[in-house]
Every structure is written in C-alpha cells, then in structure tokens.
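Encoded as structure tokens, the structure appears first; notes follow it.
The values are calculated or read from the model by the stated rules, or taken from the named source; none is laboratory data. Here the structure is a predicted model, which is why all the values come from computation and not from measurement. Cβ placement follows ideal geometry from the backbone for every residue including glycine, while neighbour counts extend to all protein chains displayed.
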Amino acid sequence: MNICHFSGRLTADCTQRYTQSGTPVSNFTLAVETGYGDYKRTEFIKCVLWKRENLVQYLTKGKPVVVTAELQERKWQDQNGNNRYTTEFVVQNLEFQVGQGKQGDNQRQGQTEPQDNMPDDNMGPAFPSEAEGVDEAPF
C-alpha cells in the first residue's frame, strides 16, 4: 500500500499550470516537522495536485494543511539528454487545518475554507508526460 499522511505548512504559494490537453496541475512544498527534543528537524515534501484549480487561491504560504498522498518517482531527460529524477507526492486528499494558522488567516477574518475530499477515480495521470493528449485517465 502506497499511502502517506502529512501535516505541515506550505513553504510558498501554490503554483499552477496546465497540460497540453488543458488539465490543471498544481505544485506546492509542505514543511513537516519530525523528530522530538534535540532531534527535531523539518522535512520538505514536494506535492502535486491534479484537477483542483479551485483550491489554488487557498493554498498560500504558511497555510497549515493535512494531505494524504501517494509517493511517486518520475524520470525524464533534460535538454542535454541527461536522465533526471524527482520524488514527489501525488495528493489524493487535502484538508485545511482551520484555527491552526498564523494571525490574519481566513478563520480570524471570519471566512470559511473549503474541505476537499478528492475521489481516487478523478486523480488524472501519474506523470505529466502521460497527460499530454489524454482527456480522461482510466483510473
């Protein structure tokens, strides 16, 4: 089973782009504290979010979130023909931690935040290269 749960804060505003077929894909990095006492450290988790363009406006720097994601490693060739690799987490479920934010967050301003329980069958392709020319993913 390839499922991971993380609770942390966004390190920067979420970025969004579109595949050639028009599918929105968003990226953000999550800062997650781990360890205890003198052994405490921060891990930075690269996350990918498919087909959720309505959430990008809420995914801002410092926002506390909980994600359930699937680990994936991608391989591609750069312009010089060198193999490149990256490890990232494809988000399956995203929840905002209301009341955990810094001063000035939406809850303190009386605004509500969306909860997005994303169905597994609408996640899109695992790799951006698979998304090109594909309107619907078979899973």
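When you check residue 26 against the structure, is it surrounded by 15 or more Cβ atoms within 10 Å (Cβ to Cβ) and either among the small types (Gly, Ala, Ser) or out of contact with any strand residue (DSSP E or B) (no Cβ under 8 Å at 6 or more places or on another chain) (or both), yes or no?
The answer is yes for residue 26.
Only one residue in 68, 42 is hydroxyl-bearing (Ser, Thr, Tyr), assigned to a strand (DSSP E or B) and exposed (fewer than 14 other Cβ atoms within 10 Å of the Cβ), so which one is that?
Result: 42 is the single residue among 68, 42 that is hydroxyl-bearing (Ser, Thr, Tyr), assigned to a strand (DSSP E or B) and exposed (fewer than 14 other Cβ atoms within 10 Å of the Cβ).
Report whether or not residue 12 is among the aliphatic types (A, V, I, L, M), surrounded by 12 or more Cβ atoms within 10 Å (Cβ to Cβ), in a loop (DSSP other than H, G, I, E, B) and out of contact with any helix residue (DSSP H, G or I) (no Cβ under 7 Å at 6 or more places or on another chain).
Taking the combined requirement at face value, the residue satisfies it.
So the check is Cβ under 8 Å with 6+ separation or different chains; which pairs have a first residue in region 65-94 that's modelled with pLDDT under 90 and a second one that's part of a loop (DSSP other than H, G, I, E, B)?
Hits for this filter: 74/127.
Among the residues of region 23-39, which ones are over 15 Å from the mean Cα position of the chain (by Cα), assigned to a strand (DSSP E or B) and of a type outside the set (S, T, N, Q)?
Passing the criteria: only 33.
Can you tell me how many residues in region 44-62 are at pLDDT 90 or above, in contact with a helix residue (DSSP H, G or I) (Cβ under 9 Å, 6 or more places away or on another chain) and basic (Lys, Arg)?
The number of residues fulfilling the criteria is 0.
For region 13-22, how many residues are in contact (Cβ under 8 Å) with a residue 12 or more places away in the chain and over 12 Å from the mean Cα position of the chain (by Cα)?
3
Filter region 45-65 down to the residues that are within 18 Å of residue 92 (Cβ to Cβ) and part of a strand (DSSP E or B) and list them by number.
45, 46, 47, 48, 49, 50, 65
Can you tell me which residues in region 76-99 are surrounded by 16 or more Cβ atoms within 10 Å (Cβ to Cβ) and in a strand (DSSP E or B)?
Listed by number, the residues that qualify are 88, 89, 90, 91, 92, 93, 94, 95, 96.
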